[in-house]
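One structure is given below, encoded as structure tokens.
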């Protein structure tokens, strides 16, 4: 079941959901709009290897915006820091963003209960498009969980994305055993 706007606010009052900064005008009927942070990154190598640490090059989106191009994976980050202690957060793109040909995640739209951080975005586009820091980029939707939880993300020994950041985080697949 998806949480309504009133239920999201009630869960925030209980401390089960945290959104910083929180702006009431960003609350939808059953979602909360998140915004593109000022940091963007691209991988330094054109060939990525799942077993090694692929380094990134960071950039700051200038006030006049930045044109992104097809064929490049851009790592962005949300302005909002979020915590979810009892619900499963899903990050979806806004339809206005999709209508510009921008995808904000390739595969990682679902968070885990216990996820506490900004969201790294896996941004790609179908044609060149200018983006801006602070633009609405996606919406968080929260789902109820059925049953007790014993394995919260922020307490897992192998959780790789738990250090609070305002910058995009590159893939840490290389830390997995395979």
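The values are calculated or read from the model by the stated rules, or taken from the named source; none is laboratory data. Keep in mind that what you see is a predicted model, and the values were worked out from it rather than measured. Ideal geometry is used to build each Cβ from the backbone, glycine not excepted, and the neighbour counts take in all protein chains shown.
For this structure, a couple of remarks:
- The lone exception for residue 42 - which of (1) modelled with pLDDT under 95; (2) touching a strand residue (DSSP E or B) at 6+ places or on another chain (Cβ under 6 Å) it fails: (1)
- Residue in the range 125-140 that is under 13 Å from the mean Cα position of the chain (by Cα) and surrounded by fewer than 18 Cβ atoms within 10 Å (Cβ to Cβ) present: yes
- Scanning the range 10-22 for residues that are assigned to a loop (DSSP other than H, G, I, E, B) and under 19 Å from the mean Cα position of the chain (by Cα), we see that the one that is nearest to residue 80 (Cα to Cα) is 21.
- Condition met for residue 65 (farther than 22 Å from residue 3 by Cα, over 16 Å from the mean Cα position of the chain (by Cα) and in contact (Cβ under 8 Å) with a residue 60 or more places away in the chain): yes
- Within the range 124-139, considering residues that are touching a residue at least 60 places away in the same chain (Cβ under 8 Å) and outside any loop (DSSP other than H, G, I, E, B), the one nearest to residue 3 (Cα to Cα): 139
- Residue within the range 56-64 that is farther than 21 Å from residue 109 by Cα and at pLDDT below 95 present: no
So that you can scan it fast, the table gives a plain yes or no per residue for (1) surrounded by fewer than 12 Cβ atoms within 10 Å (Cβ to Cβ); (2) touching a strand residue (DSSP E or B) at 6+ places or on another chain (Cβ under 8 Å); (3) not in a loop (DSSP other than H, G, I, E, B):
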position	(1), (2), (3)
8	no, yes, yes
35	no, yes, yes
46	yes, no, no
62	yes, no, no
77	no, yes, yes
92	no, yes, yes
105	no, yes, no
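- Filter result for residue 48 (without any contact (Cβ under 8 Å) to a residue 60 or more places away in the chain and out of contact with any helix residue (DSSP H, G or I) (no Cβ under 6 Å at 6 or more places or on another chain)): no
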